[in-house]
1. When the gyration tensor of segment A:143-198 is built from Cα positions, what are the square roots of 5 times its three eigenvalues, in whole Å, from largest to smallest?
2. Please express the shape of the protein assembly as shown as an equivalent ellipsoid: the semi-axes are the square roots of 5 times the eigenvalues of the C-alpha gyration tensor, given largest first in whole angstrom.
3. What average count of beta carbons from other chains do you get within 10 Å of the Cβ of residues in B:68-79?
4. Which of D:28, D:301, D:16 moves most in a GNM of chain D, Cα contacts under 10 Å?
5. How charged is the neighbourhood of residue B:105? Take every other residue with its Cβ under 15 Å from the Cβ of residue B:105, and add Lys/Arg as +1 and Asp/Glu as -1.
6. Nearest 0.05, what FRET efficiency do residue C:34 and residue C:152 give at R0 = 30 Å with Cβ-Cβ as r?
7. Taking the alpha-carbon centroid of each part, what is the distance from segment B:91-120 to segment C:291-332 in angstrom?
8. Let me check against my output: what whole-number percent is the relative contact order of chain A, with C-alpha pairs under 8 Å and at least 6 apart?
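The values are calculated or read from the model by the stated rules, or taken from the named source; none is laboratory data. Remember, it's a predicted structure, so these values are computed and weren't measured experimentally. Positions of Cβ are backbone-derived with ideal geometry, glycine not excepted, and every protein chain shown enters the neighbour counts. To get the accessible areas, we keep the full protein, side chains included, count just its heavy atoms, and leave off ligands, DNA and RNA. Shrake-Rupley method; radii C 1.70, N 1.55, O 1.52, S 1.80 Å.
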Protein chains: 4
Amino acid sequence: MHFSSDNATGVAPEIMAALAEANAGPAMAYGNDAVTEKAKAALAELFERQLEAFPVATGTAANALALSVLTPPYGLIYCHRHAHIEEDECGAPELFTGGAKLHLLEGPHAKFDADTLKAALAAAGPGVEHHPQPAAVSITQASEAGTVYTPDDAAGIAAVAHGAGLKLHMDGARFANAVAHLGCSPAEASWKAGVDVLSFGATKNGAMAAEAVLFFEPTLAADFRYRRKRAGHLFSKMRFLSAQLLAYCSDGLWLKNARHANAMAARLAEGLAALPGADLVHPVEANEVFVSLPEPAIGAMAAAGVVFHRWGAAASRTVRLVAAFDTPADDVDRAVAAARRALGNEA
Amino acid sequence: MHFSSDNATGVAPEIMAALAEANAGPAMAYGNDAVTEKAKAALAELFERQLEAFPVATGTAANALALSVLTPPYGLIYCHRHAHIEEDECGAPELFTGGAKLHLLEGPHAKFDADTLKAALAAAGPGVEHHPQPAAVSITQASEAGTVYTPDDAAGIAAVAHGAGLKLHMDGARFANAVAHLGCSPAEASWKAGVDVLSFGATKNGAMAAEAVLFFEPTLAADFRYRRKRAGHLFSKMRFLSAQLLAYCSDGLWLKNARHANAMAARLAEGLAALPGADLVHPVEANEVFVSLPEPAIGAMAAAGVVFHRWGAAASRTVRLVAAFDTPADDVDRAVAAARRALGNEA
Amino acid sequence: MHFSSDNATGVAPEIMAALAEANAGPAMAYGNDAVTEKAKAALAELFERQLEAFPVATGTAANALALSVLTPPYGLIYCHRHAHIEEDECGAPELFTGGAKLHLLEGPHAKFDADTLKAALAAAGPGVEHHPQPAAVSITQASEAGTVYTPDDAAGIAAVAHGAGLKLHMDGARFANAVAHLGCSPAEASWKAGVDVLSFGATKNGAMAAEAVLFFEPTLAADFRYRRKRAGHLFSKMRFLSAQLLAYCSDGLWLKNARHANAMAARLAEGLAALPGADLVHPVEANEVFVSLPEPAIGAMAAAGVVFHRWGAAASRTVRLVAAFDTPADDVDRAVAAARRALGNEA
Amino acid sequence: MHFSSDNATGVAPEIMAALAEANAGPAMAYGNDAVTEKAKAALAELFERQLEAFPVATGTAANALALSVLTPPYGLIYCHRHAHIEEDECGAPELFTGGAKLHLLEGPHAKFDADTLKAALAAAGPGVEHHPQPAAVSITQASEAGTVYTPDDAAGIAAVAHGAGLKLHMDGARFANAVAHLGCSPAEASWKAGVDVLSFGATKNGAMAAEAVLFFEPTLAADFRYRRKRAGHLFSKMRFLSAQLLAYCSDGLWLKNARHANAMAARLAEGLAALPGADLVHPVEANEVFVSLPEPAIGAMAAAGVVFHRWGAAASRTVRLVAAFDTPADDVDRAVAAARRALGNEA
């Protein structure tokens, strides 16, 4: 019963098979191979347009490298206070951008809206040399609170960003989960909503270690490959990254995996929220559940072998449980049952 | 008949099997897993001492991150003019060190010696604020010319480096090939010869994408993990890096693979060097062959389907052929035969 | 009637004289001269202890270079949301630290307190590789709101900082104004209150362009000179920086100048605050006055030739007026009179 | 008898007078003042064209900031092995460019020629992601050996640079001395010869601390002011930098000073070269003399109170003597006489 993170899962069998298949004989290094070509084509097809796609192995690399082409070193990147790029990348954006600053925005459930961005931009000093210069906006999809920006949300933010000459980046480490929730197309959730660059994550959703940085505006991609290389993120045997992405895009695997993870999170949320004294801290829109529980329930789950994280301050009763592409429904039910029993709520 | 690079090979079957095996159920992310523990223990055992080991996925990451803890941003790193860190990493050491400079040393066959280092250090300005400050030395093992530093070579360089307060890094992207050539132990080729930090490569020798940064002096490793993370090189599902390293260190796989590659390179060198008008450009000590050939021989090999690179200036008759862990002896013989036929040397 | 900034003033006559005097014949470059020696001795005497002093020419250089030795590139610097290093240095700390992050704290009148810092540190993740690591704290003295940290304020912050292993930097661009307000010694306002490094400003208080970075803990200064040089802030004819600092420290010039500026600010504040509809936005403790005024008063002052800045949002009725070492009392009185007349308050 | 450096001189009286004159009353900060306007106009007039001029205080700042807009962080800057930016700036170009690399070229007397650059560019890998990308060329005028690039020299280099898409920077710390030698106009020595950006030095030639970065192609200057500010090189009381530059450009002061310095160097060179056993190491074209002397002559000069530096290896008999705008002819003659006497060559 492992709900600590979608990073704790293994690799989907379809992707393991693709890795084995890619291992048939030699191939040119550094992406000059047939599998990489196919993966790029598959991504373009999935997103229904020409694009520039760059495989990398981690979400932090995808985000920080993407941002590095959107901002000068004296630039400002607007993001939510709880964005992954702010809280969980140990300063990677600052490293790869050469010292750009993140400007933190507020908003409930780890999302900010167009008006908040607008107000922040109004207070900035574009053209004033004393101030860092507004350069880019980054939104996390799904957010760190497990919530999802609708295409309208994103489009509103994009309009403000573009109106001020800023580019819009989407950290899509859980993009699949967001699309599964929205029921729209990948295109609608990204470039049709104004996203210029997308970190398209696969690792959390069944890949071994694979993300793609997607540039919908090819001119933005002009120097990305130099930045990727000098960051040590150009893989010599790149076909093994590409094979993961290709399998991920094939036969709807990405969406199938995400739907399952979301469904398991919903099942978990429903079960836990029904308990006396339980409260969902954030709406459950993707594959993460943040729930405030009575202490006995938390203790009972842990005792029953459910793995999860407490969240926030030390004394908090909030826990985070993350479902993944391979979470068994039975694990969900047993976790809920353990909590329920502890509350004398045998149903 | 693929001799373009040891990067063009696939993955050794033992390592593919290890990846599959590591995929059994969830595991804690970011290296807090059993496979990573085992891999670290295996590396310590292989090198016969306590050490700090950090898996990363590319050689460029291993080198640049290793160097980043050995030099301040105003430091000098001494290396050969043809070091990989100088020529083929697009400035990664400069990025990760915050702007340190590489000071280039000369020497035949892509190796420099202790005296050359000594002379360079004598001309430096330690303590003079106008000058970048000597901080580290880096040697490439095997070198970019396919030659190998003996333990005595390395110890001589280490003595000069340490005498001046500098640390010694070894870029061991082809460390296995070097050790296979030397016939010594990994310890003798590294820390016993004064190496402080080793980029221990596996990718070129049968892994999918795995290297380990090994700190023989644990205090040097104190902040490596922050640097790895902010560079986007901390893998969430790290067990899949670790599994590669574990298999690589197990049952002598690393050495078996390297010996085979070296043997194939020697066979190739012997065959080609015997041709009329052929000259080995560098001694063949590891798995790379640099050979000057009559144009008809070059053309004939290409026509026969042998894949390789021309080397150096456009009009050069020098070619590089790289053997790998899985190079068939028959491929070697057919490549030589193609060249031989072109020279009317049917023997 | 120039109240736009203390940067708009000229140079105190004592300092102009010192520059002329320093221009007698050649002297060794880069600080190996007698004037620089004397300036360092004068600073040590003023602060009543041994210290390491480095002249630079701008406050931004002083701050960013000081911070660069207090934090690794993956570090966090805690400061107020309205600190000069955050708002008005275009990312200089990020450049010189190699990408460290500023963590912004809240507090009224541009000051934060020990408890706020404590809470922020409690929420940080020291030792967790995903998070930037707490490294330093910076306070602005006087603050950007013209308020002053008492020695007790600073000592409280220092205790929290040091308790967590962080160093305390003080941006003392207006340190003289703060000390003039406090009536304590420079030592009491700095190292005796726990400050490890002080940017000791002179430019705003009568110098042409001179600040000193003072390290009270000499070990912290070990590599400062390399960082100063590579930032282009080592002056070849350094005696002309040193001469300014020497004159500034001599015969109490620094304090005399600051007392006058503070007195003029107080006079201005008293006059304006007495007007109907006027409100002081921040306590006036140093040489800056932030006051909310009826629009007619603002317009009348501008029409009368008073130079000042509106502050905050475009529609705000808040203005900032800054007094300096050479502000004539008559200018103050005429500015107040202009405002008073506009309000039909002829007194 | 001070020949240690032109940095050891004081400030020309015309420039001291200008500083005093600029100190009349308040002026808007950060360059929004009348003196700065006039200085910019004077520079444009001197160079006979529209240009963008940015005052800074040190040559290292001028060079490194200029280069920072000419290269991406993964770029290559071509310069001579003995360029000031390579040898004497402690890595400032690397800091301000975010990690670009200097590619060192060879050539006698610290100059390289167009063919050498051409050959280096031919060996580079433009468009190959493994290699840093050629971005800029920098020449030092006068060179670190006191030699001068003719307009034809510079134009030849510019043609190669521009042909490959690179920009040409000139480090003109001693530009005035070079122009005095060439007898051409400043325009002919800079933009008419293809220079895109010039570090126009004044400090070594009579200013207190003032250089101007001149962009002849205004589009290149677009983000310079942000880079200057975040490097701490935007002066609040900028009029005092500008006043120096204005006086320097007025009434031919810059040229008068340089001509004198050059004449004194020539006189020194003539006197010393005539001594038995003496050899000029480099042609004396500007204000620096590099001469190999018998040990007794070196000792005798030092004993007589002549201040100068030995140059190169410890055991070298080469000394460097630098003349300046205010070097008395009598000092030159006495220095030569001291050396002559030591060689029993009383003339």
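1. 19, 11, 10
2. Sorted largest first and rounded, they come to 53, 46, 26 Å.
3. So the per-residue partner count for this stretch is 3.
4. In this elastic network of chain D, the residue with the biggest mean-square fluctuation among D:28, D:301, D:16 is D:28.
5. -3
6. 0.15
7. Result: 59 Å between the Cα centres.
8. For chain A, the relative contact order is 23 percent.
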